[in-house]
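Asks: Mind having a look at this structure? Questions to follow.
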Amino acid sequence: MEFATESNRLFIVESFSPIRYPKRYMSNLGQLMEHSPFCERDIRPPHNLQTIDQAGDFLIQTKKKGMLYGIHYAHHPFDVVGWDGCCYPYAFSIHDFEPITGRVHQPPPVHQTFETNTFVVCSFVPRLYDYHPEAIPAPYNHSNIDSDEVLYYVDGDFMSRKNVTRGMITLHPAGIPHGPHPGAVQKSIGKKKRRNWQ
Ligand SMILES: [Fe+2]
């Protein structure tokens, strides 16, 4: 990967099963539907492939079930000009994710971006708070019966948490009730817009 600047943070998620778009946003013909927070236009596939046609000894590390397997190739792996099929790397900027908001507090699945056989990835992006006149924008206390909740705080102010700053990770294990820190619910009343990323 090449970056435009030197100051970067990477949060890498790996999965034993394919990472897909949420099923409920897909038509049975495999297209993203109109109620999806992102669409095909936001997906950036490879373009202008840099082809390297070179013989030599190239070690490729393939990861399977947590183990790395070294395979030696006699040609540079980038000796292609295109591909067949539908398996390829792509980029999706979270700045293109259109948040779903409501008069009352929306449940976490509205933030879902991807899913696998065993976990989902949600993106909590800056958005309008709940706009019912008596809405309480802070999330309610809850307990995830059968899933752990890992949060990575990307940027901004985190309304429901004290002493949490960007770059931190929190873990709420399955079955443990949790919610906003004391005082956060009262402080959230009347707030109009959320500015953080997680
Ligand atoms: Fe939670």
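Asks: Considering the chain as a Gaussian network with a 10 Å cut-off on Cα pairs, which listed residue, M67, M33, M168, attains the greatest mean-square fluctuation?
Replies: So, out of M67, M33, M168, the one fluctuating most is M67.
Asks: Amide H to amide H under 5 Å from D79: which residues, 5+ apart in sequence or cross-chain, H placed 1.01 Å off N in plane?
Replies: Correct list: I52.
Asks: Let me ask something additional. With n ≥ 4 as the cut-off for DSSP H runs, can you work out [θ] at 222 nm for the chain, using -39500 (n - 2.57) per run divided by the number of residues, rounded to the nearest 500?
Replies: Computed ellipticity for the chain at 222 nm equals -500 deg cm²/dmol.
Asks: With a sphere of radius 14 Å drawn around the Cβ of P37, what net charge do the other residues whose Cβ falls strictly inside it have (Lys, Arg +1; Asp, Glu -1)?
Replies: It works out to a net charge of -3.
Asks: Pick from K187, K65, K23 the residue whose mean-square fluctuation is largest in a GNM of the chain, springs joining Cα atoms under 10 Å.
Replies: K65
Asks: Now for a separate question. Can you sort Y153, Y73, Y90 by how many other beta carbons sit within 10 Å, fewest first?
Replies: Fewest to most other Cβ atoms nearby, the residues stand as Y90, Y73, Y153.
Asks: What list do you get for K191, K162 if you sort them by fewest beta carbons within 10 Å?
Replies: Least to most surrounded, the residues fall as K162, K191.
Asks: Now for a separate question. Please work out the Cα center distance from the stretch 57-134 to the stretch 6-44, rounded to the nearest Å.
Replies: One Cα centre to the other: 5 Å.
Asks: For a quick check: with amide H placed at 1.01 Å from N, whose amide H comes under 5 Å from F124's, ignoring anything fewer than 5 positions away on the same chain?
Replies: Q198
Asks: Separation between the D155 and T118 pseudo-spin-labels, each 7 Å from Cα along Cα→Cβ, expressed in nm?
Replies: 3.2
Asks: When a/c is below 1.5 the answer is rounded, else prolate if a/b is larger than b/c, else oblate, so apply that to the chain with a ≥ b ≥ c taken from the square roots of the Cα gyration tensor eigenvalues.
Replies: Note, shape of the chain comes out prolate.
Asks: Given a Förster distance of 35 angstrom, what is the FRET efficiency for E134 paired with K64, based on the Cβ-Cβ distance and rounded to 0.05?
Replies: 0.10
Asks: Sticking with this structure for a sec: If we count GluC sites (Glu not before Pro) as exposed when they sit in a DSSP loop and have at most 11 other beta carbons within 10 Å, what is the longest stretch of the chain that avoids them all?
Replies: Longest run free of exposed loop sites: 35-133.
Asks: Between L10 and I71, 0.36 nm times their residue separation minus their Cα-Cα distance comes to what?
Replies: Extra length from L10 to I71 when fully extended: 19.3 nm.
Asks: For each of C86, C39, count neighbouring Cβ atoms within 10 Å of the residue's Cβ, then give the residues from fewest to most.
Replies: In order of increasing Cβ crowding within 10 Å: C86, C39.
Asks: Quick one: length gained pulling K187 to R24 fully straight, 0.36 nm per residue minus the C-alpha distance?
Replies: 55.2 nm is the gain from fully extending K187 to R24.
Asks: Something else now. Between D57 and K162, what length in nm is gained on full extension when 0.36 nm per residue of separation is reduced by their alpha carbon distance?
Replies: Roughly 32.6 nm would be gained on extension.
None of the figures in this text is laboratory data; all of them are computed from the coordinates on show. Computed from a predicted model, the values in this text were never measured in an experiment. Here the Cβ is made from the backbone with ideal geometry for all residues, glycine too, and neighbour counts use every protein chain on show.
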